[in-house]
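FYI, it's all coordinate maths here, none of it is from the lab. Source: prediction; values computed, not measured. Cβ placement follows ideal geometry from the backbone for every residue including glycine, while neighbour counts extend to all protein chains displayed.
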Amino acid sequence: MFLGLIIIIFTLNTIVVNIHSQGSTSLFEPFKIVVNSSFISPLDEFFGDVLIGRKVFIASNTIIRAEPDTRICIGDRTNFQDNILFLALRRNTAPPSACAAKSSSTGERVSIAHQANIENSQIGNFTFIGFHTRLRNVVLEDGAFVLHGAILSNVRIGKNRLVPIGAVITTQAQADALPLKTEANSKFQEEVLEVNAEFAENYSHLYEEAGFDAVTGVSTAPKTSWNPKPVKPTIGQNVKLDEFARIVGDVRLGNNSTVGQRTSIRADEGTPIIIGENAQIEDRVTFHALKGTSIHIGKNLDTSDNIVFHGPLEVGDNLTIGDDTVLFRSKVGNDVTIGSEAIVVGVTLQNGVKVPDRAIITTQKQADALVR
């Protein structure tokens, strides 16, 4: 059993994980796992017995923690996005797994989106887990597709089953009644995997060529097939960036703005990401966009913590948005307020509307019924 601090050392096309374990004869002894052809952000946090496969991409400010007497296993060609919690907890129930008696694990070719929170769960091959999902003691069989804001506990999700946006699945009867995913869902999964395969390779190249500063803080994105000439972020005057903030690529951040701790603004896939002046962005907020899309946000953005803004997205001036919210594929007018734990996907919000706490807005009819 290994207890202590895991150190990630970046070397040529290889990540070697070392650990300071109790009873060591030297300060640092090599940990038993070597991760080849993968990229793990230096801003990530690791603890415990963690096994990582090949060609894995793990974006910034993600926490991967295996408590004593547990293990975490991450399969080949898997990607974890920003601000994920992936945990193996010793006192909580976990499904049987080849990884360990008590673990959290993924198979191969898994995609886990921003701000997902996963504990003691077994994730099958070619699965997708959306923004702000919560999984506790769950098995996802191969091909499962879990959409944004879903909450799953103590269930098995069958092969190729689709969990809708915001669904709460806590009984096996609910899980067994889920529909199958579509060909469009599978195509989307393949596209996500292709993008992140390039990230695993090209973020590693960026580190090799330009060092630590090129993959932390404010920096250009790596060269990719869709972005062969990356540009530096443009940061306005009187901007404050808190610890571990990550700003990548063609980001244009307005004057007099604040970016909180562990917030990620990543224009490495969709680009540009434009945020107007006087933005007050709190901690663990993620801005990202799908390939071929962008984010445009007006002035006076006011966020709480742990929010996902994902393009395609257009937002007017004076948006106020609460904790733990998802805003994706939408157009938002001026002077809009979105409450905490809300999910807004694929709609247009008119000027001045108020989205209540914990609302799920996924149709235009729901959006048009909101109170101004």
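Above 23 Å lies some portion of the pair distances; for the range 82-171, what is it as a whole percent of all C-alpha pairs? Could you put the intermediate results ahead of the total?
Details: 400 of 4005 pairs.
Tail of P(r) above 23 Å: 10 percent of Cα pairs.
Compute, for the chain, the length of the dipole vector about the Cα centre, with Cβ point charges of +1 (Lys, Arg) and -1 (Asp, Glu) only. Units Debye, rounded to 20.
Values: 34 positive and 40 negative charges, 126 e Å.
Here the chain has a charge dipole of around 600 debye.
Residues with amide H under 5 Å of ARG252's amide H, sequence separation 5 or more or different chain, H placed in the peptide plane at 1.01 Å from N; which?
THR234, ILE273, ILE274, ILE275
Which of ARG156, ARG65, ARG90 has the fewest other C-beta atoms within 10 Å, and how do the rest follow up to the most?
Working: ARG156 16, ARG65 19, ARG90 13.
Ordered by Cβ neighbours within 10 Å, fewest first: ARG90, ARG156, ARG65.
What residues qualify as long-range amide H neighbours of ARG246, i.e. H under 5 Å apart, gap of 5 or more or another chain, H built at 1.01 Å from N?
THR263, SER264, ILE265
P(r) tail for the chain, what percent of Cα pairs lie past 31 Å? It would help to have the intermediate numbers written out before the result.
Numbers: 23298 of 69006 pairs.
That tail contains 34 percent of the Cα-Cα pairs.
At 7 Å along Cα-to-Cβ for each site, give me the label-to-label distance between THR234 and SER153 in nm.
Those two pseudo-labels are separated by 4.7 nm.
Taking every DSSP beta bridge that has both residues in the chain, what percent is antiparallel when rounded to the nearest 5? Walk me through the numbers before you get to the answer.
Values: 12 of 101 bridges.
Of those bridges, close to 10 percent are antiparallel.
Could you give me the ³J(HN,Hα) list for the range 200-206, computed from phi with Karplus coefficients 6.51, -1.76, 1.60 and θ = phi - 60°, whole Hz, x at Gly and Pro?
Karplus values, whole Hz, x for Gly and Pro: 4, 6, 7, 5, 4, 4, 4.
Sum -39500 (n - 2.57) across every DSSP H segment of at least 4 residues in the chain, then divide by the residue count to get the 222 nm mean residue ellipticity, nearest 500. Don't skip to the answer; put the middle values down first.
Values: 3 runs with 38 residues, N = 372.
Estimated from H runs of four or more residues: -3000 deg cm²/dmol.
Starting with the fewest neighbours, write out ILE123, ILE169 ranked by other beta-carbon atoms found within 10 Å of each beta-carbon. If you can, show how the numbers build up before the last one.
On the way: ILE123 29, ILE169 23.
Arranged by neighbour count, lowest to highest, ILE123, ILE169 become ILE169, ILE123.
Once you charge only the Cβ atoms, +1 for Lys and Arg and -1 for Asp and Glu, what is the size of the charge dipole of the range 218-368 about its Cα centre, to the nearest 20 debye?
Numbers: 16 positive and 18 negative charges, 129 e Å.
Approximately 620 debye in magnitude.
Over 18 Å between Cα atoms, which of LYS299/LYS365; LYS240/LYS299; LYS240/LYS331 qualify?
On the way: LYS299/LYS365 28 Å; LYS240/LYS299 16 Å; LYS240/LYS331 27 Å.
Check vs 18 Å cut-off fails for LYS299/LYS365; LYS240/LYS331.
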